[in-house]
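The structure under discussion appears below in the form of structure tokens.
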Amino acid sequence: MKDYMAPMEGITNHVYRSAYHKYYHPMDKYFTPFLSAKPDKKLSFKEICEVSPETNEGLCVIPQILANDADDFINTARILRDKYGHKEINLNLGCPSGTVTAKGKGSGFLAFPLKLDRFLERIYEGLPDMEISIKTRVGFDEEEEWDALFFIYEKYPVKELIIHPRIRQDFYKNQPRLLAYQKAYVRGTLPLCYNGDIYTEADYTRISQRFPDTECFMYGRGLITDPGLVSRIREGSHPGKERLAAFHEDVYIRYQKLLSGEKNVLFRMKELWSYMGLSFTNYEKYLKKIRKAQHFKDYQAAVSSLFAEQELISNITGDTQGEESWN
């Protein structure tokens, strides 16, 4: 079995990935939040940190690219290959954000299957020495689009097709459309990876038993909420508060070294706690204090109280989760 960490903007950056890899069950692959492909692309400092071997030591990191222009995608992929040594890249066809889909990118590209087909033909021909995986939803407006979309994917040497079985209009609500995933699974023509609403060991067991030949799983919101999830699934171990506290401290210190000013550091930590806080009992008043904290002293006091006074829970459900910036 292979386990992947999903890309989540503002959360699963190189700081988070490195700390997670140190304290919890290592992932087989870590996917970066998307890099936007543009003409004459030059990577920003933030993007360089995401893809550089120096900031991702010991991790198998797969850069994800957001694009609907084949030349821009190819040029960006070549930068990642030539300057940073990446041999595999991932195409984002999943992001449901309105600012992304309005430009016909992310899951917005799924609304234009003929254009998508020509795009895929170009990038696979233009990058014969690179492996290209695809992360996709199963439609834009309706699930009935999935048959035609999957037929297009079958035409190309897709390294892996990572399926989040929702349409764009679902965003992160409603149940995953498992019948759509099943269609791809039954055809068996492409290597598949399942992604979507795995919050507990029971969720994993339910999906893996229904699709026993699926050998790859990607974890997003469930893992960020409960970093010990895959450790329990794969190792049978039960990491407790002490390990979570050490993990949190590692992330916190890394951000203090990377970012300038209390405000910037606390912004990142508050984003993380909007998920991770839900793994505690009676978390509401503590998260309120964390959200209101303007200085390290107040933040640290709120976090210390949460760890000291509440316990971890494992029966987390997707119904309680906030919206993630999913890529």
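Some observations on this one:
- Sequentially through region 198-203, phi angles give Karplus couplings (6.51, -1.76, 1.60; θ = phi - 60°) of 9, 10, 9, 4, 5, 4 Hz, Gly and Pro residues having no value and appearing as x.
- Based on C-alpha pairs under 8 angstrom that are at least 6 apart in sequence, the chain has a relative contact order of 18 percent.
- Along principal axes, Cα extents of the chain, largest first, whole Å: 55, 44, 34
- Gyration tensor over the Cα atoms of region 205-302: the corresponding equivalent ellipsoid has semi-axes (square roots of 5 times the eigenvalues, largest first) of 31, 15, 12 Å.
- Within the accessible area of the chain (1.4 Å probe), percent carbon and sulfur: 50
- Near the amide H of Glu160, within less than 5 Å, lie the amide hydrogens of Ser133, Ile134, all on another chain or at least 5 residues away, with H placed in the peptide plane.
- Taking the DSSP bridge list for the chain and keeping only pairs wholly inside it, about 5 percent are antiparallel.
- Relative contact order [Cα under 8 Å, 6+ residues apart], region 1-104, whole percent: 25
- As a rough guide to protection, the peptides 96-105, 136-145 ranked by mean Cβ packing within 10 Å, highest first, stand as 136-145, 96-105.
- Restricting region 23-86 to trypsin sites (Lys or Arg not before Pro) in coil, as DSSP defines it, with at most 13 other Cβ within 10 Å: Lys42
- Alpha carbon convex hull of region 92-240, projected area averaged over orientations, nm²: 9.6
- Modelled this way, with points 7 Å down the Cα-to-C-beta line, the labels at Glu154 and Ser304 are 6.1 nm from one another.
- Residue-normalised accessible area of the chain, given per residue in Å² at a 1.4 Å probe: 44
- Each Lys and Arg Cβ is given +1 and each Asp and Glu Cβ -1; about its Cα centre, the chain then shows a dipole of about 760 debye.
- Cut-off 19 Å, label 7 Å out along Cα→Cβ of Asp71, residues of region 21-50 by amide N: 36-43
The values are calculated or read from the model by the stated rules, or taken from the named source; none is laboratory data. Note that the structure is predicted; figures quoted are calculated from it, not measured. We place every Cβ from the backbone using ideal geometry, glycine too, and count neighbours over all the protein chains shown. SASA here: full protein model, heavy atoms, side chains in, ligands and nucleic acids out. Shrake-Rupley method; radii C 1.70, N 1.55, O 1.52, S 1.80 Å.
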